[in-house]
Amino acid sequence: MPAVRLADGTSVAALGQGTWHMGERGSDRGREAAALRLGLDLGMTLIDTAEMYAEGGAEEVVAEAIAGRRDEAFLVSKVYPHNAGGRKLEAALERSLQRLRTGHLDLYLLHWRGSISLDDTVRAMERMQAAGKIRRWGVSNLDVDDLEELGPALAGCATDQVLYNLENRGVEFDLLPFCRERGMPVMAYSPVGQGGALLRNPAVRAVAARLGATPAQVALAWTLRAPGVISIPKAADPGHVRLNAAAAALALAPEDLAALDAAFPPPKRKRSLAML
């Protein structure tokens, strides 16, 4: 499995696992946990979740998946904006740790920006880091101006998790270069798009046919083509998990990339940060 190096030197899997929409139905939780365990077996050891996902239900699925295997997983969770400061953050983190049945997170993210100041959030994150509750902190859905607002604290920000796929390339104009210059990886959520339109695109399907791959594998390989990007697709089906893992070895040729650029042109100007 290819890896991405964090600013502190830690190496993490470039292709991880997302959990959005997991834990929403109790009858699915066993199957979802099994899929995450299979992902661990295949090297997708970074698992991303959030207190928002099924109001903690996804974190409980992750706990089942990593039971007895905590040391194998690089565990990421996210805090609601309204919990992202002071004692609220401390309490939210403790709830997440209890649901995940672990003593620490490898990475804790602000899910998106809310009314609590970034300064308050960073101070609370740093306190939890000093207490050993989190190993690192980062952000999600923040644009360049938000990151610049962090000031000197930006040096301690491990990642920015953003919407990034062929349909949403706006971050390539400024955010990706900004983060790359600072040695800060970007984490791509929804890398295969939403609603299936991306996977039905003729250009994507044509590239997939040439490579003997699926459209989803092409979309994933595209997010991994450049350095400093961690991709976190969600899969609850064993077959999809195996296909996702195999995408890490898929090499897109220059003609493939040119065809995808023609169908999904890279940005030529600043765009508002896309979010889901």
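Taking every alpha-carbon pair within the stretch 1-78, the share separated by more than 18 Å comes to 37 percent. In the frame of its principal axes, the stretch 58-109 has Cα extents of 32, 16, 16 Å, reported largest first.
Sorting 102, 10, 45 from the fewest to the most surrounding beta carbons within 10 angstrom yields 10, 102, 45.
Please sort by residue number the trypsin sites (Lys or Arg not before Pro) in the stretch 65-174 whose DSSP state is loop and whose Cβ has at most 14 other Cβ atoms within 10 Å.
Numbers: sites: 69, 70, 78, 87, 88, 95, 99, 101, 113, 123, 127, 133, 135, 136, 169; in loops: 69, 101, 113, 133, 135, 136, 169.
Hits after loop and neighbour filter: 69, 101.
What FRET efficiency would be calculated for the residue pair residue 117, residue 67, taking the C-beta separation as r and a Förster radius of 30 Å, to the nearest 0.05?
After rounding to 0.05, the efficiency reads 0.20.
Beta bridges assigned by DSSP with both partners in the stretch 3-263 are antiparallel in approximately 15 percent of cases. Approximating the spin labels as points 7 Å out from Cα along Cα→Cβ, the residue 200-to-residue 5 distance works out to 4.4 nm.
Any read-out appearing in this document is the output of simple, stated calculations on the displayed coordinates, not a laboratory observation. In this text the structure is predicted, and so the values were computed from the model without any measurement. Here Cβ is always computed from backbone atoms with ideal geometry, including for glycine, and neighbour counts include all displayed protein chains.
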